[in-house]
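Read-outs: derived from the displayed coordinates by stated rules, not from any lab. All values derive from a computational prediction rather than experimental measurement. Cβ: placed from backbone, ideal geometry, glycine included. Neighbour counts: every protein chain shown.
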Amino acid sequence: MCIVLHHYQQVFDVKFDGMLNFFGGGIPFGYLVELFFMISGFLAVKTYKDKGIGCNIASKYLRFYPYAVVATLCTAVLLLGYKTIFAENLLGREYSLPCYVTSLLMVHQGWIVEFAPAVNNPTWYLCVLMWVFIVFYIIECCVRKLKNHQEIFRIGIYALFVIIGALGFHFNFKIPFLYLTDCRGYGAFFIGACLFIINEKADNKKGLLLGIALMIATVISVLILRSKLWYICTFLLFPAVVLISVNVNQYGNKFTEFMGNISFEIYLWHIPCFYLLYTICKIINIPIEHSYLIMGCVLVFVIIISSLVNITIDKKIHSLTMRITSKKKNEEIV
């Protein structure tokens, strides 16, 4: 939800004077994507099954791509429809044909050539995540072929990619598969992978204490090195959040379960929701008066649309992909 509010202010160029700003303010809410990468890395090691590189990659693409391409296609339709109706670009956004094509293929950022911003800009995270998963599966395949010291080599390679990520962020590499977006993914994802290994070696008490120590280090670092917030978030704050979260008893209810179930849809669909609302307001000639109240109402609208998408579209896609993967498993058994 913080990312939705962050992009709301970014897309509509909104800033509230002397108040909390989710974009361009003192708190870098955009870096929450690093937390998403970190959680993905943590769970990647936890749930890894050696099914072969090709099968593992295919299963990830079936998990991410169909949902993302539907959201991107709807965004493209809104952009082109707005231009057809009003003979102008929606919010001044103009995209080339290669940008539309690479956005629909989900290779618009983090791969060979970057097209930024993309048609559905938040999907850059999924582009990079899919590539990082390919790197992860290649590493795992190579490490598991070793007869000795698998754990040492695994942690060493993970640490190497963390270093590559930090260097790439610092120097802003502009090389295929080493773009800034890739490096953000490498750093956070493989920190998450290392955290899982560390957490498995420690009991709950030690893991919790380590998380608390990192949180204290975060507070101290913010006071001393406030200009280095990406490093603080990536190497201290978010690891602390992950370790504390997995080592405490958590309380869940129907609301948190519901929000968890539609979180992926919220991420994918909030930009098309913005464009849809903007188009409707343009058609009925109602200016958007930006305020915290309006921003909150837009967030509620995004949650409602995401819920409908989850029920009507994504569950059907999930059912189809499950049938495909089940068929492949049966073929492998035969």
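A Stokes-Einstein calculation at 25 °C with viscosity 0.890 mPa s, built on the Kirkwood radius of the stretch 27-120 over Cα pairs, returns a diffusion coefficient of 156 µm²/s. Tell me the angle of helix 2-11 to the major Cα principal axis of the chain, expressed in degrees between 0 and 90 and rounded to the nearest ten. The angle comes out near 40 degrees.
Among L320, L299, L195, the largest mean-square fluctuation in a Gaussian network model of the chain (Cα springs under 10 Å) belongs to L320.
GNM on the chain, alpha-carbon springs under 10 angstrom: the most fluctuating residue among I244, I324, I53 is I324.
Rounded to the nearest 500, the helix-only mean residue ellipticity at 222 nm of the chain stands at -23500 deg cm²/dmol, with each DSSP H run of n ≥ 4 adding -39,500 (n - 2.57).
Kirkwood radius, the stretch 3-47, all distinct C-alpha pairs, inverse of mean reciprocal distance: 11.8 Å. Just to be sure I understand: with springs between alpha-carbon atoms less than 10 Å apart, which residue in F171, F196, F264 has the highest mean-square fluctuation in the Gaussian network model of the chain? Top of the fluctuation ranking is F171. Spatial offset of the stretch 23-69 relative to the stretch 231-276 amounts to 12 Å, using the alpha carbon center of each.
Computed 3J(HN,Hα) for the stretch 275-284, one whole-Hz value per residue from the Karplus formula 6.51 cos²θ - 1.76 cosθ + 1.60 where θ = phi - 60°, is 5, 5, 4, 4, 5, 4, 4, 5, 5, 8, glycine and proline marked x. The angle between the Cα long axis of helix 315-333 and the main principal axis of the chain comes to about 30°, on a 0 to 90 degree scale.
Dividing the Cα radius of gyration of the chain by its Kirkwood radius returns 0.97 for Rg/Rh.
First check a/c for the stretch 127-265, with a ≥ b ≥ c the square roots of the eigenvalues of its C-alpha gyration tensor; if it is under 1.5, answer rounded, and if not, answer prolate when a/b is larger than b/c or oblate otherwise.
Rounded shape, in that the Cα axes give a/c under 1.5.
Largest first, the extents of the alpha carbon coordinates of the stretch 82-160 on the three principal axes equal 65, 18, 16 Å.
Each 5 Å bin from zero holds the following percent of Cα-Cα pairs in the stretch 279-318: 6, 20, 15, 21, 15, 11, 8, 3. For the chain, the longest principal axis of the C-alpha atoms and the axis of helix 150-171 are separated by about 40°. Calculated on the alpha-carbon coordinates, the convex hull of the stretch 1-78 measures out at 113 cubic angstrom per residue.
Using the average count of surrounding beta-carbon atoms within 10 Å as a protection proxy, the listed peptides 249-258, 139-148, 181-190 rank, highest first, as 181-190, 139-148, 249-258.
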